[in-house]
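The values are calculated or read from the model by the stated rules, or taken from the named source; none is laboratory data. As the structure is a prediction and not an experimental result, all values here were calculated from the model. No Cβ is skipped: glycine too gets one built from the backbone with ideal geometry, and neighbour counts run over all protein chains shown. Only protein heavy atoms, including side chains, enter the accessible area calculation; ligands, DNA and RNA are left aside. Shrake-Rupley method; radii C 1.70, N 1.55, O 1.52, S 1.80 Å.
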Amino acid sequence: MTTANPVWTMEMLDKIGNAEELEVASLRRDGTLRKLTTIWVVRLGDELYIRSVRGRGSDWFRGVLDRHEGHIRAGGVARDVTFVEAPDPALNDRIDDAYRAKYSRYAASIIDAINSPEARAATLRLVTRA
């Protein structure tokens, strides 16, 4: 189990982790936010993870690579965040399971897409910034 980021409260983790969708906007080099994109989010313990279903080539993911900073909104919580790449295969297996459990009411093809090798390569941990 990972240690909790001291700025994420349990209430924030619960609200974001239970939210159906998350809106994400990366920070441009000039400090302005890009357009919000709606994606799925999962919680593992005290950590939150997102993926690009279209892999590393999607517009919003490429934007994240500029500064690794941005803004999220989900479950009534809005936070500035840092995006940390999560390439650990064992961790990705657990994230796959979290996506399967949380979004199990969707078609298997949709779950397979969010757990595809391309999406796994575009897995990010959300770290809140004060």
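In whole angstrom, and with the biggest value first, how far do the Cα coordinates of segment 30-73 range along each principal axis?
That works out to 34, 22, 16 Å along the principal axes.
Using all Cα-Cα distances in segment 4-55, what percent lands in each 5 angstrom bin from 0 up to the longest?
4, 18, 23, 22, 20, 12, 2
Compute the FRET efficiency between residue 28 and residue 108 as 1/(1 + (r/R0)^6), taking r as their Cβ-Cβ distance and R0 = 41 Å, and round to the nearest 0.05. All intermediate terms of the calculation are to be shown ahead of the outcome.
Working: r = 37 Å, r/R0 = 0.90.
Rounded to the nearest 0.05, the efficiency is 0.65.
Report the extension gain between residue 14 and residue 90 in nm, rounded to one decimal, defined as 0.36 nm multiplied by the number of residues separating them, less their alpha carbon distance.
Numbers: separation 76, 0.36 × 76 = 27.36 nm, distance 2.35 nm.
Length difference between fully extended and current span is 25.0 nm.
Restricting everything to alpha-carbon atoms, can you work out Rg to Rh for segment 44-94 with a Kirkwood hydrodynamic radius? Could you put the intermediate results ahead of the total?
Values: Rg = 11.9 Å, Rh = 12.4 Å.
Ratio value, two decimals: 0.96.
Would you mind computing, in nm to one decimal, how far apart the modelled labels at residue 101 and residue 118 are, each placed 7 Å from Cα along Cα→Cβ?
Placing both labels 7 Å beyond Cα along the Cβ direction yields 2.8 nm.
Counting only heavy atoms of the protein chains, get the accessible area per residue of segment 1-66 (1.4 Å probe) and round it to a whole Å² value. List each step's numbers first, then the result.
Values: 3530 Å² over 66 residues.
Spelled out: the 1.4 Å probe surface of segment 1-66, per residue, equals 53 Å².
Quick query: amide H of residue 33 versus all other amide H atoms, modeled in the peptide plane; which residues come in under 5 Å with a sequence gap of 5 or more or a different chain?
Amide H to amide H, under 5 Å and 5 or more residues apart or across chains, residue 33 pairs with 28.
So what's Rg/Rh here for segment 76-130, counting alpha carbon atoms and using the Kirkwood radius for Rh?
Values: Rg = 12.7 Å, Rh = 12.4 Å.
That ratio equals 1.03.
With a 1.4 Å probe and all protein chains left in place, how much of the accessible area of the chain comes from carbon and sulfur atoms, in whole percent? Present the calculation step by step, with values, prior to reporting the outcome.
On the way: 3440 of 6700 Å².
The C+S portion of the solvent-accessible surface of the chain is 51 percent.
Can you tell me the equivalent ellipsoid semi-axes for the chain? Use √(5λ) from the Cα gyration tensor, largest first, whole Å.
Details: eigenvalues 84, 63, 38 Å².
Over the Cα atoms of the chain, the semi-axes work out to 21, 18, 14 Å.
As a test of the formula, what do you get for the chain when each DSSP H run with n ≥ 4 contributes -39,500 (n - 2.57) and the sum is divided by the residue count, at 222 nm and rounded to the nearest 500 deg cm²/dmol?
Working: 5 runs with 43 residues, N = 130.
Dividing the helical sum by the residues of the chain leaves -9000 deg cm²/dmol.
Using Cα pairs closer than 8 Å and at least 6 residues apart in sequence, work out the relative contact order for the chain, in percent. Working shown, then result.
Values: 245 pairs, mean separation 39.4, N = 130.
For the chain, the relative contact order is 30 percent.
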